[in-house]
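Only one structure is covered here, and it is reproduced in the block below.
The values are calculated or read from the model by the stated rules, or taken from the named source; none is laboratory data. Bear in mind the structure is a predicted one, so any value in this text is a computation, not a measurement. In this analysis, Cβ positions are derived from the backbone assuming ideal geometry, glycine residues included, and neighbour counts consider all displayed protein chains. Note: areas computed on protein heavy atoms with side chains; ligands, DNA, RNA excluded. Shrake-Rupley method; radii C 1.70, N 1.55, O 1.52, S 1.80 Å.
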Amino acid sequence: MTHNIPAGQAVPADWLSNFDRYLISEGTHERAYEKLGAHLIRFGEDEGVVFAVWAPNARQVAVVGDFNHWDGSRHPLHASDTGIWTLFIPTLSEFTVYKFRITTRSGDIVDKADPYGFAMEERPRTGSVVADLNRYQWQDQDWIAGRQERQALNAPIAIYEVHLGSWRKVADEQWGLRYLSYRELATTLIPYVVELGYTHIELLPIAEHPFDGSWGYQVTGFYAPTSRFGTPEDFMYFIDQCHAAGLGVILDWVPAHFPKDGAGLNLFDGTQLYAHANPMQGEHQDWGTLIFNYSRNEVRSFLISNALFWIDKYHIDGLRVDAVASMLYLDYSREPGQWIPNEYGGRENLAAITFLQKVNEVVHGIFPGVLTIAEESTSWPMVSRPTYLGGLGFSLKWNMGWMHDTLSYMVKDPLFRRFHHNQMTFGMLYAFHENFVLPISHDEVVHGKGSLLGKMSGDEWQKFANLRAYLGFMWSYSGKKLLFMGCEFGQWQEWNHDTGLEWQALTTPRHQGLHRLVRDLNRVYRHVPALHQVDFDWNGFQWIDANDSDNSVFSFVRYAEDRRQCIVVVCNFTPLQRTDYRIGVPQGGMYHELINSDLDIYGGSGISNGPELHADLKPCHSFAHSLSLTLPPLATLILQPS
């Protein structure tokens with residue numbers, strides 16, 4: 001659009017009121033995205049776009065684009081005493097590409113993307129795009145109404161973690177391989193995840209990012225879904241279709257840092273507006289990124305509003321907050337002398353702590369039932385406890401310790417597992433300190449770590465058997481579940497964001513068997529209350545025998561809220577079949593196998609205990625009744641009283 005555009009006009013006071021300005025500068029504006037950025041509006045008889053940007057240290061700000069031939073003299077913005085610059089330009093319309101041309105105090109001129117921009121050009125271009133987020137007609141009212149119950153802590157939550165750019169790629173004459181669009185993913189990814197029985201999809205970051213290799217974790221457009229896969233409205237359609245299919249959507253959110261790209265937040269108005277000026281506080285040396293200044297009120301408004309934005313405008317059901325540990329510790333990945341202590345001489349980032357608490361309070365207060373999930377890799381206490389008790393206020397926390405310990409055990413030859421038995425039991429010492437998610441995430445299958453199947457010990461048959469047994473253990477252990485894409489069918493290669501998953505593997509019986517097991521685990525997990533109702537206290541878990549290290553066998557009971565509803569789990573992590581293996585059980589009567597990971601339909605050897613088992617009135621493991629079992633090799637049994 002290059003036709004003559006009229007000069008800009010002052011923005012009326014009722015658009016960006018003094019109260020708005022006050023809340024933004026106080027750090028408490030929860031919907032700053034409704035005022036800052038670019039908005040399609042009508043003033044009197046004129047339709048156009050109002051622009052507003054925070055740049056308190058700029059000498060001058062103008063909006064530029066094709067509409068004014070990128071001429072910074074045509075549409076200068078008006079300054080205010082709060083550092084917010086505004087302008088209304090009549091006749092501008094949706095899809096207008098623009099940037100803010102900022103003249104710094106030193107006289108340098110830089111073109112910046114809009115921090116609050118609702119859309120951006122596809123990389124490598126970096127312009128912001130005017131977008132209307134109010135046109136889409138949502139059809140998920142019933143889903144939203146039932147979300148709080150669906151996502152309660154006593155509900156089943158099984159998450160399929162996916163990177164949209166590499167879940168599946170399709171042949172294209174021009175590009176060779178191309179991404180699926182949001183709308184194509186709605187007709188392919190969603191049915192696939194539903195068929196597998198998951199309750200949620202978790203998306204690696206979809207906020208706009210310039211570098212594919214960052215997987216979305218180096219964001220330049222915090223309010224813009226990436227244009228790689230389509231428009232904002234296309235993304236809304238994808239979410240809407242997830243809800244129609246009964247799937248919740250969790251979004252990876254990255255408030256820990258941002259990249260140094262010239263068009264982004266770095267040196268936005270010639271100063272480190274969003275980060276600390278001192279690199280000892282403001283830079284992640286390992287990642288080459290900048291750390292948000294959580295003590296600056298306007299930055300807090302920017303980030304708190306951003307969390308609410310995705311829930312409000314895109315109906316996201318949960319935020320998984322990335323790299324929380326890097327936010328909490330001033331000395332994160334730093335040597336002595338490379339960091340600045342807090343006012344009390346400690347290593348805790350006090351501003352980040354209060355910021356995270358505020359985010360959780362606001363999200364849970366405005367959108368009850370929405371999940372907030374912390375990827376926090378240390379032993380910071382009370383991450384998933386309410387803020388009024390001194391906690392950070394998250395709904396859930398990734399259990400990184402459980403993941404590291406159990407994967408370390410599974411890598412070992414079964415001959416030596418007896419010496420590392422505690423790696424599978426140690427997690428129960430702290431299992432109920434937090435509301436945990438058991439995460440087998442993308443981080444475990446990249447950077448030379450190999451695929452999940454490749455980590456398992458033994459020959460090919462044993463690798464598959466080990467993985468089936470491990471997933472059975474994971475799905476029956478206390479905590480919500482998360483599995484990264486490709487792990488559900490045993491991809492051999494570690495994840496590569498440049499290529500699609502190894503779908504050809506699903507043409508072979510062993511991969512098909514693993515795939516079927518994951519589907520059946522999810523089915524049982526969702527329909528058996530004992531496996532999900534009491535995940536976060538000892539009332540839902542009881543060891544039968546945690547100490548049989550000589551046989552590398554673990555057995556335990558899971559209980560529902562009604563303790564008469566229970567299941568018994570037995571895991572044999574050796575390749576030996578064990579006969580007449582006796583375990584105590586909580587009640588007498590008949591039992592049957594809900595899951596046997598060694599069945600031939602899963603690619604196993606087909607050893608089972610028959611259609612029913614009878615619990616004898618024979619004391620064992622402090623229980624009055626007991627079962628005599630045949631334990632298949634490298635297998636998990638999930639047994640239910642009939």
Scoring the chain by relative contact order with C-alpha pairs under 8 Å, at least six apart, yields a percentage of 10
Give the angle, between 0 and 90 degrees and rounded to the nearest 10, that separates the Cα long axis of helix 400-411 from the longest principal axis of the Cα atoms of the chain. 50
What does a probe at Met280 reach in the stretch 307-339, counting residues whose amide N is under 15 Å from the point 7 Å along Cα→Cβ? 330-332, 334-339
Take every DSSP beta bridge whose two residues both sit in the chain, then give the antiparallel share in percent to the nearest 5. 75
If you keep only loop residues by DSSP, which GluC sites (Glu not before Pro) in the stretch 316-392 have at most 14 other Cβ atoms within 10 Å of their Cβ? Glu343
Reduced Cα scattering model of the stretch 1-109, Debye log10 I(q)/I(0), q = 0.20 Å⁻¹: -1.07
Among Ile250, Asn266, Ile239, pick out the residue whose Cα is farthest towards the positive end of the charge dipole of the stretch 233-290, where Lys and Arg carry +1 and Asp and Glu carry -1 on C-beta, about the Cα centre. Asn266
Probe 1.4 Å, all protein chains present, accessible-area order of Leu273, Leu576, largest first: Leu576, Leu273
Output the pairs from Lys397/Lys618; Lys480/Lys618; Lys169/Lys463; Lys313/Lys480 with a Cα-Cα distance over 31 Å in this structure; if there are none, say none. Lys397/Lys618; Lys480/Lys618
Simple SL model, points at 7 angstrom along Cα→Cβ for Glu94 and Trp339; separation in nm is 4.7
Among Met590, Leu471, Val53 the positive-end extreme of the charge dipole of the chain (Cβ point charges): Met590
To the nearest 20 debye, what is the magnitude of the charge dipole of the chain about its Cα centre, counting +1 on the Cβ of each Lys and Arg and -1 on the Cβ of each Asp and Glu? 820
Set Lys412/Lys481; Lys412/Lys449; Lys260/Lys455 screened for pairs whose C-alpha atoms are more than 25 Å apart: Lys260/Lys455
Rolling a 1.4 Å sphere over the protein heavy atoms, what is the accessible area per residue of the chain, to the nearest Å²? 37
In degrees, nearest 10, the alpha-carbon axis of helix 297-314 is tilted away from the dominant principal axis of the alpha carbons of the chain by 60
With a cut-off of 16 Å, note down the residues of the stretch 1-34 whose backbone N falls inside the zone around a label point 7 Å from the Cα of His69 toward its beta carbon. 1-7
Taking 558-568, 527-537 and ranking on average Cβ neighbours within 10 Å, highest first, one gets 527-537, 558-568
Quick one: angle between helix 460-476 and the longest Cα principal axis of the chain, in degrees between 0 and 90, rounded to 10, please. 80
